[in-house]
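*Asks:* Shown below is the structure under consideration.
The values are calculated or read from the model by the stated rules, or taken from the named source; none is laboratory data. The shown structure was predicted, so the numbers you read here are calculated from the model rather than taken from an experiment. As a convention, Cβ positions derive from the backbone with ideal geometry for all residues, glycine included, and neighbour counts pool all protein chains shown.
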Amino acid sequence: MNRLLPPYLLNGPALVLFVTMMAVPLVLTFMLSFNSFDFYGGIKAEYGWHNYYEVISDSYFHEIFARTYGIAIAVTLLCALIGAPEAYILYHMSSTWRSLCLLAILGPLLISVIVRTLGWALLIGNKGVINEALISIGLIETPIKMMFTQTGIVVALVHVLVPFMVLSVWTTLQKLDPLVERAALSLGASHFTVLRRVVLPQVMPGVLAGSLIVFALTASAFATPAILGGRRLKVVATTAYDEYLNTLNWPLGAAIAVVLLVANVIVITAYNRYVERKYAAVFD
Amino acid sequence: MSFLVLKNISKRYGPVAAVEDFSLDVEKGEFISLLGPSGCGKTTTLQMIAGFEEPTAGSISVDGRDMTSVPPNARDIGIVFQSYALFPHMTVADNVAFGLEMRNVPKQERQQRVAETLSMVGLEEFAGRFPKALSGGQRQRVALARAIVIKPQLLLLDEPLSALDAKIRESMQIELRNIQHTVGVTTILVTHDQAEAMAMSDRIAVMNKARLAQLGAPFEIYESPGDSFTSNFLGSTNMFEGKVNSASDGNLSISCAGVELSVPGQAKTGEVVTLGIRPEKIALVGAGEGLLNATVHTRIFLGTSWLYQIDSELGRMSVTLQNTGRDVALEGDTVGLNWQREAVRVLREEQVA
């Protein structure tokens, strides 16, 4: 028997799965994005770049793309600001407390995104817990608008995605020599300087890797923006969904999806290459 | 008053004492080793001097100033860690410059001092490299340079050579000693390696079970160990028990397993004492010519010397003989054992904390 056959056979099931579940739909979507669409006639077998032209030239779509990436950047920055210190505090905890806190941080991942987002809707709605409470203690007269706002989406997405940042930073902290902090202290550095000059630069690869995950997941997020943003505050993913299911303009929806995919791939690979180049000389 | 004074310091974790009532006076410029097996409290002592641990009792002062609860970043102490703890994201030069930067030394002087220190440890060509690209020995030198460039009041070395292989370790011992002499910094070395402690230090503080077992110059401790622990930890010792038959004027007559020995020392008549003799102080002579007869059990050739295991009336004994180029007694031979009267030491029993 050919020596190479067994590995191929073993990989077969996974290959079939990926081809049917991922490659085929992707190719079909890509092909669909070149079709024409007529409100009365539906999808027509005429091909061209007009869907892409529409996405690229219409300021309506510009706004949606800008909003999507704006949210993605905000969520990534917030996750880094919250997640990195969180991981560092975990790192310095005693082992019993650490496992308890890790559980609390990772626990939300066990709950469906939809359920968690609906929970946020209950909290931040005009008749939600937060507004009702603030009104009842007399701090505000009319409810603060948080539902259907960009801020609401950002807050909920940070909650959903911060565990990924914590895990990523946590992994790099494991590789940190615990004595470097003491070494820096003995050389006269303050605790803050130790953090800024010694710990942070060393966990930066973890922060950057975590940022990549959070950014990619936010830019393509659907459920949270759909529930908390409603039908009017759209991001790219919800726009593609609406083109498919409301307008029934499948080719345009496909074109939007393809543009989002390509944009994400470009951002992520460029970023990854930058990170790898920057740290190749320093870390193994 | 001495430069570094540790006064009755103790460190307890709950009921467990890591260090118990430890006192030590170190003179300026002195090189002292804390020597002991793992868990004897030597590293805890070092960490208290560095300020990473606060003593439960007692006080630490440097140059007359009480340091007991001064935080580590205000103590002006250079430390070389066992793992070196270099900053992996900084170049060699930046690693060395870090302490100067923290002291706000102006840039020009900083660069000059970094260059001087790097050339002292022989790494001037490696200034731009990252620690990842260095060998173990080179990293060790960077760690040393980083600790001494700040001209600290005290230099603490925490098992600095234990991660290096034997050959480099030996040459680093000599180099470290030379650098310490040049810089003149008061140095405390923590080690479990008795050869390292003896090779490098002015004085050795032997620690056992959280306490100071003995303090003295290497030769002094080796030649007159106070108790059975020190005697066995520094080099090796043949030990046997005997009963004092008569004591007069610093001379003891002791019978050990039927052999009558004359030994210098102080003890009471009728007392049971432990005697020790170093393997290299025993000479092999012809059968019947020595103090007692014995049979060679095994012999091992070590290059510079022979190591014999010999069965005598006093039990199994180790003997080392210089390799003088001649072949000596074979396994199974009957030989005589001989030694100078003064070579035998009366040892106190190991103190139990």
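*Asks:* Considering only residues that are over 17 Å from A:F30 (Cβ atoms) and of a type in the set (V, I, T), which ones fall in the range A:235-271?
*Replies:* A:V235, A:T238, A:T239, A:T247, A:V267, A:I268, A:T269
*Asks:* Still on this structure, please answer the following. For B:E342, indicate whether it is assigned to a loop (DSSP other than H, G, I, E, B), touching a residue at least 24 places away in the same chain (Cβ under 8 Å) and of a type in the set (D, E).
*Replies:* Spelling it out, it is not the case that B:E342 is assigned to a loop (DSSP other than H, G, I, E, B), touching a residue at least 24 places away in the same chain (Cβ under 8 Å) and of a type in the set (D, E).
*Asks:* Of all the residues that make up the range B:317-326, how many are surrounded by fewer than 16 Cβ atoms within 10 Å (Cβ to Cβ) and either in a helix (DSSP H, G or I) or in contact with a strand residue (DSSP E or B) (Cβ under 7 Å, 6 or more places away or on another chain) (or both)?
*Replies:* Counting residues in the range B:317-326 that are surrounded by fewer than 16 Cβ atoms within 10 Å (Cβ to Cβ) and either in a helix (DSSP H, G or I) or in contact with a strand residue (DSSP E or B) (Cβ under 7 Å, 6 or more places away or on another chain) (or both) gives 2.
Conditions (1) surrounded by 14 or more Cβ atoms within 10 Å (Cβ to Cβ); (2) in a loop (DSSP other than H, G, I, E, B); (3) not aliphatic (A, V, I, L, M), marked per residue:
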| site | (1), (2), (3) |
| --- | --- |
| B:S253 | yes, no, yes |
| B:E260 | no, no, yes |
| B:A267 | yes, yes, no |
| B:V273 | yes, no, no |
| B:E280 | yes, no, yes |
| B:E289 | no, yes, yes |
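*Asks:* Can you confirm whether A:R232 is more than 14 Å from chain B (Cβ to nearest Cβ), basic (K, R) and assigned to a loop (DSSP other than H, G, I, E, B)?
*Replies:* yes
*Asks:* Also: Among the residues of the range B:190-202, is any part of a strand (DSSP E or B), in contact with a helix residue (DSSP H, G or I) (Cβ under 6 Å, 6 or more places away or on another chain) and not charged (D, E, K, R)?
*Replies:* Yes - at least one qualifying residue is present in the range B:190-202.
*Asks:* Here's a follow-up. Within 14 Å of chain A (Cβ to nearest Cβ), part of a loop (DSSP other than H, G, I, E, B) and within 25 Å of B:H181 (Cα to Cα): does that describe B:I150?
*Replies:* So B:I150 passes the test.
*Asks:* Determine which single condition B:A329 fails, assuming it passes every other condition in (1) in a strand (DSSP E or B); (2) surrounded by 18 or more Cβ atoms within 10 Å (Cβ to Cβ).
*Replies:* (1)
*Asks:* Could you tell me which numbered condition B:I32 fails, if it satisfies all but one of (1) modelled with pLDDT under 95; (2) under 17 Å from B:L157 (Cα atoms); (3) not hydroxyl-bearing (S, T, Y)?
*Replies:* Going through (1) modelled with pLDDT under 95; (2) under 17 Å from B:L157 (Cα atoms); (3) not hydroxyl-bearing (S, T, Y) one by one, B:I32 breaks only (1).
*Asks:* Which of the residues spanning the range B:229-246 are outside any helix (DSSP H, G or I), closer than 19 Å to B:V272 by Cα and not aromatic (F, W, Y)?
*Replies:* Hits for the range B:229-246 are B:T237, B:N238, B:M239, B:E241, B:G242, B:K243, B:V244, B:N245, B:S246.
*Asks:* With more than 30 Å from B:Q140 (Cβ to Cβ), within 14 Å of chain B (Cβ to nearest Cβ), touching a residue at least 24 places away in the same chain (Cβ under 8 Å) and assigned to a helix (DSSP H, G or I) as the only criterion, which of A:L173, A:L217, A:L208 stands out?
*Replies:* A:L208
*Asks:* A follow-up question, please. Identify all residues within the range A:44-72 that are surrounded by 15 or more Cβ atoms within 10 Å (Cβ to Cβ) and either among the β-branched types (V, I, T) or within 15 Å of the chain's Cα centre (by Cα) (or both); write none if there are none.
*Replies:* The answer is A:V55, A:I64, A:F65, A:R67, A:T68, A:Y69, A:I71, A:A72.
*Asks:* Applying the selection to the range A:183-201, what residues are buried (at least 23 other Cβ atoms within 10 Å of the Cβ) and not hydroxyl-bearing (S, T, Y)?
*Replies:* A:A183, A:A184, A:L185, A:L187, A:V198
*Asks:* Considering each residue of the range B:300-316, count those that are outside any loop (DSSP other than H, G, I, E, B) and surrounded by fewer than 18 Cβ atoms within 10 Å (Cβ to Cβ), and give that number.
*Replies:* Total meeting the criteria: 8.
*Asks:* Test of understanding: among B:G122, B:G78, B:G99, which residue is more than 14 Å from every other protein chain (Cβ to nearest Cβ) and touching a Lys or Arg at 6+ places or on another chain (Cβ under 9 Å)?
*Replies:* The unique qualifying residue is B:G122.
*Asks:* Additional query: So which residues in the range A:32-48 are more than 17 Å from A:L260 (Cβ to Cβ) and at pLDDT 85 or above?
*Replies:* A:N35, A:S36, A:F37, A:Y47, A:G48, listed by residue number.
For (1) in contact with a Cys (Cβ under 9 Å, 6 or more places away or on another chain); (2) closer than 29 Å to A:F34 by Cα; (3) within 14 Å of another protein chain (Cβ to nearest Cβ), each residue gets a yes or a no:
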{"position": "A:L187", "(1), (2), (3)": "no, no, yes"}
{"position": "A:V194", "(1), (2), (3)": "no, no, yes"}
{"position": "A:A221", "(1), (2), (3)": "no, yes, no"}
{"position": "A:T224", "(1), (2), (3)": "no, no, no"}
{"position": "A:T238", "(1), (2), (3)": "no, yes, no"}
